[in-house]
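Since the structure comes first, as structure tokens, the remarks are kept for the end.
The values are calculated or read from the model by the stated rules, or taken from the named source; none is laboratory data. Quick caveat, the model's predicted, so the values are computed rather than measured. Positions of Cβ are backbone-derived with ideal geometry, glycine not excepted, and every protein chain shown enters the neighbour counts. These accessible areas exclude ligands, DNA and RNA; they are computed on the full protein's heavy atoms, side chains included. Shrake-Rupley method; radii C 1.70, N 1.55, O 1.52, S 1.80 Å.
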Amino acid sequence: MAALRTRASAWWAGSILGRHLLVALLGLVVVVVVLESSSDFRNLQLASMAYLGIAAGGLTVLTGLNGQISLGHGALMAIGAYTTALLLDDREASTPLPLVVLAAVVVTLLVGIAVGAAAARLHGPYLAGATLALAVAVPGIALYFKEQLGGEQGLRVVLPDIPAWVLDLAYFVTGQDLTRSRYVAYLAWLTLVITFVLLANLARSRVGRRWRAVRDDEVAAELAGVHLGRARVSAFVVSAAAAGAAGAMMALTVRLAAPSGFTLTLSLTLLSAVVLGGLGSLAGALLGAALLTFLPQVVTDIGVDAGLSDIRAAELAPLVYGVVMVLVILLAPAGIVGTVRTALLKRRLRRSAAAQTRTAGTNPTAPGTPGTPTTDPATTTSKGSTT
Amino acid sequence: MRRRLHRPTTLVAAATAGVLLLGACGAGGRDDDGGGGDGGDGGGGATAPGVTEDSIKIGAHFPLTGVAAPGYNEIPTGAKAYFDYVNAQGGVHGRQIEYVVRDDGYNPTNTSSVTNELVLEEEIFAMVGGLGTPTHSAVVDFLNDEGVPDFFVSSGSLQWGDDPEAYPYTFGWQPDYEIEGKIIGQYVAENMPDAKVGLFLQDDDFGDDAEKGVRQFLDDQVVAAERYTSGNTDVGPQIAGLQAAGADLVLSFNTPSYTALSQLVALRLGYEPQWFYTNVGSDADLVGSLLSRFSEGAVEGGSSSLDGVMTTEYIPGVDQPDDPWVQLWQKVWDEHGEKGKLTNYRVYGMSHAYAFVQALQAAGEDLTRDGIVEAMEEVGADLEGPQLAPFRYSSDSHLGISGMRVVEIQDGAGEDLTPVLITDIGDAEIVEDDSGQDGDAPPENGVPEAP
């Protein structure tokens, strides 16, 4: 039994991919259970949460791991969404959905290469400015090419009929008929899980270490042989691809790709989701997306129940969101997940320090006092951040 | 095991699970509140979703916050006041009307999500008065797929009514932009044959449909057509373009903010043509307040700021306090309104609320979604109401009010330049309305009866 446990924990520590896949599998089971047990409306809300989560996940990798800031991710989502809309313009559109999503990702990826190449030369506020320009310009393109891209009104997205085998499979597994809303929600969450597995793996690989090295100290990274530009562009491209997938899911969920859906606000919203959740953490991105999706409705409902007029209740949502944002930044500057993680880590350090002193038995009168050997916590932290 | 909790990936999973479960729990709670029964079957029997023995739940999406909110967010307050008024008189066929308004911030993405909420969670019987062309475009397919009556879209785009086969559940309400363009075009051609006409157009369906109508009559007289994109507040180049082309009459199809912006730019350029604004952009009170706000007080606002400007009119507004309809609206607002005074936007909301109550009356006691659509196609064209010209509803057309009159604004009030003119899209002739709609008065108690 003990041997088995040791082997299991050795595998857990050793195989990053295996670990991620296992977590993904568990995540999928949770997704199936939750989607099957919630209403059509909740399914669509969860689909919105998924596409915001995918985009925020991509952004958190870029900002948290590579230290680049992007105010243009909403525009990259627009590119994914418009690609989807152009491929799915009527019910007879024959392109299978996985191909559509893939096309959206590829197109956004190409745009990401172009923008990333320019962005790699810029820093801080300049980079923010350049990506800001992207956020402003892309909706303008849709307005300019009115014939092809539908102008202000945008392009409708028609969800193709659900393939028979999917319907059969869904019925076989769950015993319920698959509604269109639930189908969309499954698509979005499946995409989210795949994206997150890929991002998590990348972040833990050599590529991810390079990104972090560039973020932490450019000179040191360059001295260590990291090509700065390449690391920056690759981070941007990966992040853009995630935004493309998110855009495709958004188009399917909203059933429309219109310029007014991709204003600067969307980009800023994504950034705030990342900051709320915690920079560099995929869990944080997901948490931020959840807040963005559920908070406005919950707050508005509370407002209406409290007897406010519709207008007042509607104005309450941005107010509460702003207050939450300010509170998080004041009280938990590392974001919600970041702060929780730090707290856990601290507790663990204290405990292991206590355990150290106890087993060493040198000074039983002061267990766990500060001032006990500092070497152990140091090794634990470095282990925690490199594995 | 304890070690594992510290792994970020596990945290991802834990957070995912937690958040998803939270969402699910919320779902469970809400459904119970809703009073049980999943209305997913979509109107199989006599009871339609959102309808009970003593209540009808309807919904709408409006920009309550954001740039489009000023003015437009008053529409639902007017509609709500009228529904409350009807409820106080016993409702329709014994049913109280419950009116749920959701904010979409004039963003189609939000419109889509609030419409999901209204239809799937609130289980509304019908959408009434959803506002905006790009916003409502995002949900018109969904509403029709789900078979939700989509009445009286607050937008004059042709797409709400010119093809009832494509959108059998959708009805327009206000005169579409094309007939407004036609009526304005003909008026100018007859009364100002020497004018050099400039067009100032919003660059979407609004401007396109109107231009189509105007050019039927004025193609030779148009010397310039300038377009602006909604959201871009710099209209200097467009107005300068009109000035350079020598236009001495500008026909403007724009929203109220752009009326104020174009007036300010023209002032700065010393450009003084005769202005002719669409009904949409000519609310004198709102434009006046926008003018003083945009110019930071340099231009005195107030309702007289648009004096001398020509526009059109299809329902009586607050500038006609003696009109029996306006008197009814004033009474409704005094009894059931919120703070603030009666405005033209609130009158607009009450007017389409009135039409919806008529539709409910016409649909009879056994209310179904298909039933109300059929009833509207059958009797819609004969409905009395505040509108100056009759509706065009039939099985071939779901377009709304068929005409309007041309007026000139003096002291903030419209003075008639023509009688009520009616027409239809395409080549339909423009004729004087003889239905007497503009002279009618509301019933004594202010609640329409079954036709």
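From the list B:ASN144, B:ASN107, pick out the single residue that is modelled with pLDDT of 90 or more and not assigned by TED's automatic domain parsing to the domain that holds B:SER230.
B:ASN144
Name every residue in the range B:79-119 that is assigned to a loop (DSSP other than H, G, I, E, B) and closer than 30 Å to A:SER181 by Cβ, in order of residue number.
B:ASP104, B:GLY105, B:TYR106, B:ASN107, listed by residue number.
Report yes if B:VAL379 is surrounded by 19 or more Cβ atoms within 10 Å (Cβ to Cβ) and under 22 Å from the mean Cα position of the chain (by Cα), otherwise no.
So B:VAL379 does not fit the description; no.
For the range A:14-31, how many residues are closer than 27 Å to A:ALA251 by Cβ and touching a Ser or Thr at 6+ places or on another chain (Cβ under 7 Å)?
2
Have a look at B:VAL431, B:VAL420 and point out the one that is β-branched (Val, Ile, Thr), within 22 Å of B:GLU190 (Cα to Cα) and touching a residue at least 24 places away in the same chain (Cβ under 8 Å).
B:VAL420
Exactly one of these conditions fails for B:ALA284: (1) surrounded by 24 or more Cβ atoms within 10 Å (Cβ to Cβ); (2) under 16 Å from B:LEU199 (Cβ atoms). Give me its number.
Unmet for B:ALA284, out of (1) surrounded by 24 or more Cβ atoms within 10 Å (Cβ to Cβ); (2) under 16 Å from B:LEU199 (Cβ atoms): (2).
Go through the range A:256-265 and count every residue that is surrounded by fewer than 24 Cβ atoms within 10 Å (Cβ to Cβ) and within 15 Å of B:ASN110 (Cβ to Cβ).
Total meeting the criteria: 2.
Only residues that are open to solvent by 30 Å² or more (accessible area, probe 1.4 Å), part of a helix (DSSP H, G or I) and over 23 Å from B:ASN344 (Cβ atoms): list them for the range B:265-281, please.
If the condition is that a residue be open to solvent by 30 Å² or more (accessible area, probe 1.4 Å), part of a helix (DSSP H, G or I) and over 23 Å from B:ASN344 (Cβ atoms), then B:LEU267, B:ARG268, B:LEU269 are the ones that fit.
Out of A:LEU127, A:LEU86, which single residue is open to solvent by less than 20 Å² (accessible area, probe 1.4 Å) and either farther than 24 Å from A:LEU202 by Cβ or at pLDDT below 90 (or both)?
Unique residue meeting the criteria: A:LEU127.
Is the range B:384-391 home to any residue that is surrounded by fewer than 24 Cβ atoms within 10 Å (Cβ to Cβ), assigned to a helix (DSSP H, G or I) and of a type in the set (A, V, I, L, M)?
Looking through the range B:384-391, none of the residues is surrounded by fewer than 24 Cβ atoms within 10 Å (Cβ to Cβ), assigned to a helix (DSSP H, G or I) and of a type in the set (A, V, I, L, M).
Among A:VAL101, A:VAL138, which is within 14 Å of chain B (Cβ to nearest Cβ), under 24 Å from A:VAL274 (Cα atoms) and open to solvent by less than 30 Å² (accessible area, probe 1.4 Å)?
The unique qualifying residue is A:VAL138.
Which of the residues belonging to the range B:238-264 are of a type outside the set (Ser, Thr, Tyr), in a helix (DSSP H, G or I) and crowded, with 19+ Cβ neighbours inside 10 Å?
Answer for the range B:238-264, where residues must be of a type outside the set (Ser, Thr, Tyr), in a helix (DSSP H, G or I) and crowded, with 19+ Cβ neighbours inside 10 Å: B:GLN238, B:ILE239, B:LEU242, B:GLN243, B:PRO256, B:ALA260, B:LEU261, B:GLN263, B:LEU264.
Residue-by-condition table, conditions (1) aromatic (Phe, Trp, Tyr); (2) at pLDDT 85 or above; (3) more than 30 Å from A:ALA185 (Cβ to Cβ):
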residue	(1), (2), (3)
A:SER309	no, no, yes
A:LEU316	no, yes, no
A:GLY322	no, yes, no
A:LEU349	no, yes, yes
A:THR357	no, no, yes
A:THR365	no, no, yes
A:GLY368	no, no, yes
A:THR380	no, no, yes
A:GLY384	no, no, yes
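Which of (1) out of contact with any helix residue (DSSP H, G or I) (no Cβ under 6 Å at 6 or more places or on another chain); (2) assigned to a helix (DSSP H, G or I); (3) open to solvent by 60 Å² or more (accessible area, probe 1.4 Å) is the odd one out, the single condition A:ARG121 does not satisfy?
The number of the failed condition is (2).
Which condition from (1) modelled with pLDDT under 90; (2) not charged (D, E, K, R); (3) not assigned by TED's automatic domain parsing to the domain that holds A:LEU21 is the one that A:PRO259 breaks?
Here A:PRO259 meets the rest and fails (3).
Limited to the range B:148-164, what total is found for residues that are open to solvent by less than 10 Å² (accessible area, probe 1.4 Å) and either in a loop (DSSP other than H, G, I, E, B) or not assigned by TED's automatic domain parsing to the domain that holds B:GLU117 (or both)?
6
Counting only residues that are open to solvent by 50 Å² or more (accessible area, probe 1.4 Å) and within 14 Å of another protein chain (Cβ to nearest Cβ), give me the helices (runs of 4 or more DSSP H) lying completely in the range A:152-252 with at least 3 of them.
Helices (runs of 4 or more DSSP H) meeting the threshold: A:180-204.
Scan the range B:44-67 for residues that are surrounded by fewer than 24 Cβ atoms within 10 Å (Cβ to Cβ) and within 11 Å of chain A (Cβ to nearest Cβ) and jot them down.
Scanning the range B:44-67 gives B:THR65, B:GLY66, B:VAL67.
Please specify each residue of the range A:206-228 satisfying the condition of being in contact (Cβ under 8 Å) with a residue 60 or more places away in the chain and closer than 16 Å to A:SER239 by Cβ.
Those that are in contact (Cβ under 8 Å) with a residue 60 or more places away in the chain and closer than 16 Å to A:SER239 by Cβ: A:GLY208, A:TRP211, A:ARG212, A:VAL214, A:ARG215.
Can you tell me how many residues in the range A:276-287 are open to solvent by 10 Å² or more (accessible area, probe 1.4 Å) and at pLDDT 90 or above?
2
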